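The values are calculated or read from the model by the stated rules, or taken from the named source; none is laboratory data. Note that the structure is predicted; figures quoted are calculated from it, not measured. Cβ atoms come from the backbone with ideal geometry, glycine included; neighbour counts cover every protein chain shown. Ligands, DNA and RNA are excluded from the accessible area calculation, which covers all protein heavy atoms including side chains. Shrake-Rupley method; radii C 1.70, N 1.55, O 1.52, S 1.80 Å.
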Amino acid sequence: MLDAGELGAGCSSRNGGQVAYSIKPTFSSLKGKFGADTAFRICREGHDAVAYLRTFAARADCGWRDDGCFFGAHTARHFAAMVRDAENQTPGLTQRIDIVSKADQHREIDTDFYHGGCVYPDDASVDPTRLLLALLRRAADSGASVVDRCAVSAVQSTRDGFAASTPRGIVQARQVLIATNGYSGSLSPWLRRRVIPIGSYQIATEPLGRERVRALIPRGRNIVDSRRVVVYFRPSADGERIIFGGRAALAEQDPLACVPRLRQMMARIFPQLHSVGVSHAWVGWVAYTFDTLPHLGRHEGMYYCMGYCGQGVPMAPYFGMRIGQQMLGLKEGGTALDGLPFPSRPYYRAKPWFLAPSVFVYRAIDALGW
């Protein structure tokens, strides 16, 4: 495995650590595009991804926590939609969902910002770096060679497979998998035109003490909400801090530049934290796709697997396993996503010029409470 940067320096370790069902399109929308059977199987992949990671975590040191998730309703209308969705789940794709009214939400979170919400008790979280290291150990134990700070500048077809050019020399390979996700560059222009890199910015508060953190999030859950410009937060693994993340910028490389906005976003939910210090800040790049589905397959003889739309914690290990099985010619590597078109857009050349106006509109919609 060749990594352009330091191993894990990107979003592989700098993410929110949340584990949840992660297929973004609804069953209804997928059914309209692909038919009921394919839609069902795509949604099942989301459940299977969580189950796969749960099984892996049972025998790996990755800081797994079964604390569930509270999904806050930004408006009363959002809350009503949550109730309808919980009551009308597709048979075979159901999840346990507990409705929490606004009057009862202080059992879950010490804020009046939300209009109630729902709890997904089966959601979990991991320590992202420990998960990365556990996967690395698994790869090393299986005989894989891992080389970081070794960017691949070109891949050429050869009689026996491929030749990958790196600063340290040429690597000969029978098969190639490109799994660059939010860090996809010029190596494959075709893939680069199909993923949209978006920054995931996070901060850690100064130590608050376990009692204060538990008072803010009494059950220690992951927290997300129904706004279009997302936020996500949870107690740190030691219970001493709040780890708070969100889409605080579009393409800012310096995480420190986003600290003021993230603090402002956090203080809107927790006014009692408006003056607390921030000890750490970091950013990683996720990759969205134009149909908000992950994609895996083969193009010009090379395999690819990417586009997790901000949900790579459960989906990257699972679909990475599936594409590996496909490379070995194993029938169990087949997925419901195989053969689906991997869309791009006209005039998109890896610089998402459309993000700024889109986020402006989303923020306006959130501010209006739509």
Quiz item: Hey, what's the stretch 230-370 come to in accessible area per residue, 1.4 Å probe, Å²?
Solution: 46 Å²
Quiz prompt | Net charge dipole size for the stretch 130-279 [Lys, Arg +1 and Asp, Glu -1 on Cβ; Debye, nearest 20] | solution = 420 debye
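Where the only charges are on Cβ atoms (+1 Lys, Arg; -1 Asp, Glu), what is the dipole of the stretch 32-174 about its Cα centre, to the nearest 20 debye?
740 debye
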Quiz item: Of the accessible area of the stretch 236-295, with the probe set at 1.4 angstrom, what percent is carbon plus sulfur?
Solution: 55 percent
Quiz item: Going toward the positive end of the dipole of the chain, with +1 on Lys and Arg Cβ and -1 on Asp and Glu Cβ, which of S125, A140, G32 do you reach last?
Solution: G32
Quiz item: In debye to the nearest 20, how big a dipole does the stretch 267-370 give about its Cα centre with +1 on each Lys and Arg Cβ and -1 on each Asp and Glu Cβ?
Solution: 220 debye
Quiz prompt | Cβ-based charge dipole, the stretch 291-370, positive-most Cα from F342, H299, S358 | solution = S358
Quiz item: Ranked highest first by the average count of other Cβ atoms within 10 Å around their residues, in what order do 221-231, 140-150, 257-267 fall?
Solution: 221-231, 257-267, 140-150
Exercise. Run down the lysines and flag those whose C-alpha is under 27 Å from the C-alpha of K102, throwing out any fewer than 8 positions away in its chain.
Key: K24
Exercise. Under 29 Å Cα to Cα from K31, which lysines show up? Leave out anything in the same chain fewer than 8 places away.
Key: K331
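Considering only protein heavy atoms, what per residue accessible area in square angstrom results for the stretch 3-154 with a 1.4 angstrom probe?
On the way: 7410 Å² over 152 residues.
Averaged over the residues of the stretch 3-154, the accessible area is 49 Å².
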Exercise. Compare the Cα positions of L216, V229, I243 along the charge dipole of the stretch 210-259 (+1 at Cβ of Lys, Arg; -1 at Cβ of Asp, Glu; about the Cα centre) and return the one farthest towards the positive end.
Key: L216
